[in-house]
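Notes follow once the structure below has been shown.
The values are calculated or read from the model by the stated rules, or taken from the named source; none is laboratory data. No experiment lies behind these values; they were computed from the predicted model shown. Cβ atoms come from the backbone with ideal geometry, glycine included; neighbour counts cover every protein chain shown. Accessible surface areas use protein heavy atoms only, side chains included; no ligands, DNA or RNA. Shrake-Rupley method; radii C 1.70, N 1.55, O 1.52, S 1.80 Å.
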There are 2 protein chains.
Amino acid sequence: MPPRKPASKDPEPLPRSARKDLTRAKLLQAALTLMGEGRSFTSLGLREIAREAGLVPNAFYRHFRNTDELGLVLVEDVGITLRRLLREARKMDVAPRDMLRRSVSVYLEYVKLNRLQFLFISSERSGGSRILRLAIRNDVTHFTNEMAQDFRIRGLYAQLPTASLQMVCGMIVMTMLAAATDVLDLPPDQPLLEAEMSENFVQQLKIILFGATRLNDALTRS
Amino acid sequence: MPPRKPASKDPEPLPRSARKDLTRAKLLQAALTLMGEGRSFTSLGLREIAREAGLVPNAFYRHFRNTDELGLVLVEDVGITLRRLLREARKMDVAPRDMLRRSVSVYLEYVKLNRLQFLFISSERSGGSRILRLAIRNDVTHFTNEMAQDFRIRGLYAQLPTASLQMVCGMIVMTMLAAATDVLDLPPDQPLLEAEMSENFVQQLKIILFGATRLNDALTRS
DNA sequence: ACGATTAGTGTACGAATGTACACCAATATA
DNA sequence: TATATTGGTGTACATTCGTACACTAATCGT
């Protein structure tokens, strides 16, 4: 004879708030999933997202006022992802030989690992809702600033005024995002194209770093 | 007594095909106008565009099968605009001093002049319909290639293999597009911010050109 | 001059969307 | 244990959309 609780039902006796967070996460994931299927976030509807999450349309309102608000949470998550990337990059610490190439391949792996998030920022950074655009731009700017700060700490380009250093980091970030965009809409498992793309990426960074070095040296001599 | 034709009516006795081209242009312009009002092209509907053009929804079909097809025509127009830009750049010919800064300011003027078109590619380049994205990427690639060819003709970076030269031009174009995006969503008539942005742009190009020079020199010496 | 072509209109329909309201059942609070 | 909260459901409605069909009137080809 079964116990008081039939055991087959009641799969998760969680506190209500935990359940809420769970379905909220389902909504966020649903949006990402749909984007993974080629839809652009801007074109997603509240009903569509709820449906993908296995919910009735109205349930959406229990978590977000509208799709833009959901998008902002996604941006927030991206911010966390970027911070984690920086933290891992910092670990990679002092330069062995071809550290650049290694960084690049680590980064590209990271992009593929967080595919949907990068897809999201890549397509919404200049795309749809003004609010989202600004939020993403904000995240990217923060990322850039932290990178500049890291450069400072490591004594790289020590002669450059902060503004210039930030500009250089801005170029690096821009290049990183462009590279991410490229890997992402590369047909999957094309190791040849991907290697070529990756090599291109390395060369681009080299150019930026060369240029920055020269800028730095010019200031050193004066 | 008025002549056979009442004269007050009949504003344009044009051949039919010309009239057609004219309303077609109205549709294209309508799409651009709507984008100028903050809408993203992807989010525009056939009805909306027709309405803005002063037409009944069905009239749209006499010119385009769907909005994507209209978008492709817009991309084509952008291609023409870019070609014109290159032609004018070629005229500017041999380098007086601070040619770079001049080029930049000419370019930024050009962007503001063709505001809506640049707004269009900037937001659809990574944004919405796959077809449009590819078409735009194609245009940008062509632009890049022509720029590389111009470099070749002028004997710039003569030591660089074609692939590297194209990569350098790719970086320049990427930087140009990013700068365009920046001017475009700058609040209008902020000469201070714009000047700062423009100066940043110049510095970025300098870095790329420095880096490319170094790459070229390395190959020269070997 | 006359019949064919066609740019643009009018009406209509099914599908999808955002949102409002009433409701339920389980959890939380007292 | 009684009550209030609340995550989720069901129904409903106005709006918008893409598109199909029939129609008109002006232009074109012969």
Q. (1) open to solvent by less than 50 Å² (accessible area, probe 1.4 Å); (2) farther than 25 Å from A:S129 by Cβ: which one isn't true of B:M35, the others all being true?
A. (2)
Q: Could you run through the range B:41-50 and say how many residues are within 15 Å of DNA strand C (Cβ to nearest atom) and surrounded by 15 or more Cβ atoms within 10 Å (Cβ to Cβ)?
A: 6
Q.
Give me the residue from the range B:192-222 that is basic (K, R) and facing chain A (nearest Cβ under 9 Å) and, out of that set, farthest from A:Q203 (Cα to Cα).
A. B:K206
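Residue by residue, here is whether (1) facing another protein chain (nearest Cβ under 9 Å); (2) open to solvent by 70 Å² or more (accessible area, probe 1.4 Å) holds:
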{"residue": "B:F151", "(1), (2)": "no, no"}
{"residue": "B:S164", "(1), (2)": "yes, no"}
{"residue": "B:V168", "(1), (2)": "yes, no"}
{"residue": "B:Q190", "(1), (2)": "no, yes"}
Q) Which residues, taken from the range B:16-71, are among the small types (G, A, S) and within 14 Å of another protein chain (Cβ to nearest Cβ)? A) B:G36, B:G38, B:S40, B:S43, B:G45, B:G71
(Q) Can you list the helices (runs of 4 or more DSSP H) lying wholly within the range A:1-117 that have 3 or more residues being within 16 Å of DNA strand D (Cβ to nearest atom) and modelled with pLDDT under 95? (A) A:16-36
Q) Can you pull out the residues in the range A:153-162 that are open to solvent by 20 Å² or more (accessible area, probe 1.4 Å) and within 14 Å of chain B (Cβ to nearest Cβ)? A) A:Y157, A:P161, A:T162
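So if I check each of B:S126, B:S103, which one is in the same structural domain as B:L209 (by TED's automatic domain parsing), surrounded by 19 or more Cβ atoms within 10 Å (Cβ to Cβ) and of a type outside the set (A, V, I, L, M)? Steps first, answer last, please.
Details: B:S103 fails: surrounded by 19 or more Cβ atoms within 10 Å (Cβ to Cβ).
Answer to the selection: B:S126.
Please verify whether B:L186 is open to solvent by less than 60 Å² (accessible area, probe 1.4 Å), more than 7 Å from chain A (Cβ to nearest Cβ) and free of Cβ contacts under 8 Å to residues at least 24 places away in the same chain, treating the condition exactly as stated. Can you show your working first?
Values: open to solvent by less than 60 Å² (accessible area, probe 1.4 Å): yes; more than 7 Å from chain A (Cβ to nearest Cβ): yes; free of Cβ contacts under 8 Å to residues at least 24 places away in the same chain: yes.
Taking the combined requirement at face value, the residue satisfies it.
For the range A:199-222, what are the residues that are of a type in the set (G, A, S) and surrounded by fewer than 21 Cβ atoms within 10 Å (Cβ to Cβ)? Outline the logic, then answer.
Step one: list which residues in the range A:199-222 are of a type in the set (G, A, S), which gives A:211-212, A:218, A:222.
Across the range A:199-222, the qualifying residues are A:A218, A:S222.
Of everything in the range A:54-85, what is of a type in the set (A, V, I, L, M) and open to solvent by less than 10 Å² (accessible area, probe 1.4 Å)? Give them in sequence order.
Selection gives A:L70, A:L74, A:V75, A:V78.
State which residue is farthest from B:S198 (Cα to Cα) when the search covers only the range B:104-128 and only residues that are of a type outside the set (A, V, I, L, M) and free of Cβ contacts under 8 Å to residues at least 40 places away in the same chain.
Of the residues in the range B:104-128, the ones of a type outside the set (A, V, I, L, M) are B:105, B:107, B:109-110, B:112, B:114-115, B:117-118, B:120, B:122-128.
Adding the requirement that they be free of Cβ contacts under 8 Å to residues at least 40 places away in the same chain leaves B:109-110, B:114, B:126.
Numbers: B:E109: 11, B:Y110: 13, B:N114: 17, B:S126: 24 Å.
The qualifying residue farthest from B:S198 (Cα to Cα) is B:S126.
Can you name the residue in the range A:106-123 that is open to solvent by 40 Å² or more (accessible area, probe 1.4 Å) and under 25 Å from B:S123 (Cα atoms) and, of all such residues, is farthest from the other protein chains (Cβ to nearest Cβ)? Reasoning before the result, please.
Step one: list which residues in the range A:106-123 are open to solvent by 40 Å² or more (accessible area, probe 1.4 Å), which gives A:106, A:109, A:112-113, A:115-116.
Restricting the remaining residues to those that are under 25 Å from B:S123 (Cα atoms) gives A:112, A:115-116.
Details: A:K112: 17, A:R115: 15, A:L116: 15 Å.
Step by step, filter the range A:106-123, then rank; the result is A:K112.
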Q | Hey, B:I131 touching a residue at least 12 places away in the same chain (Cβ under 8 Å), open to solvent by 30 Å² or more (accessible area, probe 1.4 Å) and more than 25 Å from A:N216 (Cβ to Cβ) or not | A | yes
